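Read the structure below first, then the notes.
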Amino acid sequence: MSEGLKRREQARDRTLEALGELRALLGQRAELKALDVVGQRVWKRDVEARIEQAMASLPESAGPLNSQGLIVKALVALDQRAPEYLEYLASYLDTLLWLEEQS
């Protein structure tokens with residue numbers, strides 16, 4: 001994992017922790033709508049950063065059947081044609097990665 005991605009994940013974690021602390025200070029168990037919006041923006045920025053990192057790490061001399069290149073091209077095309085589905089797919093993949101880490 002690159003240093004930049006680690007820093008982004010740490011920043012995201014700190015932001016989400018701060019949001020949780022703010023919610024606890026306010027004495028509310030349910031998330032405030034504003035906090036939910038901030039959380040979604042943080043998540044979306046993280047997904048975009050991961051896609052950008054994947055595109056940046058793609059070697060220029062990668063052939064037309066390079067698996068990493070094909071995945072990046074598919075994600076870019078999906079983002080252009082159906083950004084909502086890309087968000088759903090990224091959320092699903094994040095959940096799978098989290099489950100794998102827990103086992």
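Bear in mind these aren't lab numbers, they're just calculated from the coordinates by the rules spelled out. Predicted model only: the values in this text are computed from it and were never measured. FYI the Cβ positions are ideal-geometry reconstructions off the backbone, even for glycines, and counts take in every protein chain you see.
What to note about this one:
- Coupling constants for segment 86-102 follow from the phi torsions by the Karplus curve (6.51 cos²θ - 1.76 cosθ + 1.60, θ = phi - 60°), and in residue order they are 4, 4, 4, 5, 4, 4, 4, 5, 4, 5, 4, 5, 5, 4, 5, 5, 6 Hz; glycine and proline get x.
- With neighbour counts taken as other beta-carbon atoms within 10 Å, the residues ASP13, ASP79 rank, fewest first, as ASP13, ASP79.
- Loop-located chymotrypsin sites (Phe, Trp or Tyr not before Pro) across segment 34-103 with a Cβ neighbour count of 14 or fewer within 10 Å are lacking, with loop assigned by DSSP.
- Among GLY63, GLY20, GLY39: highest mean-square fluctuation, GNM of the chain, C-alpha pairs under 10 Å: GLY63
- For the chain, convex hull volume per residue from C-alpha positions, Å³: 127
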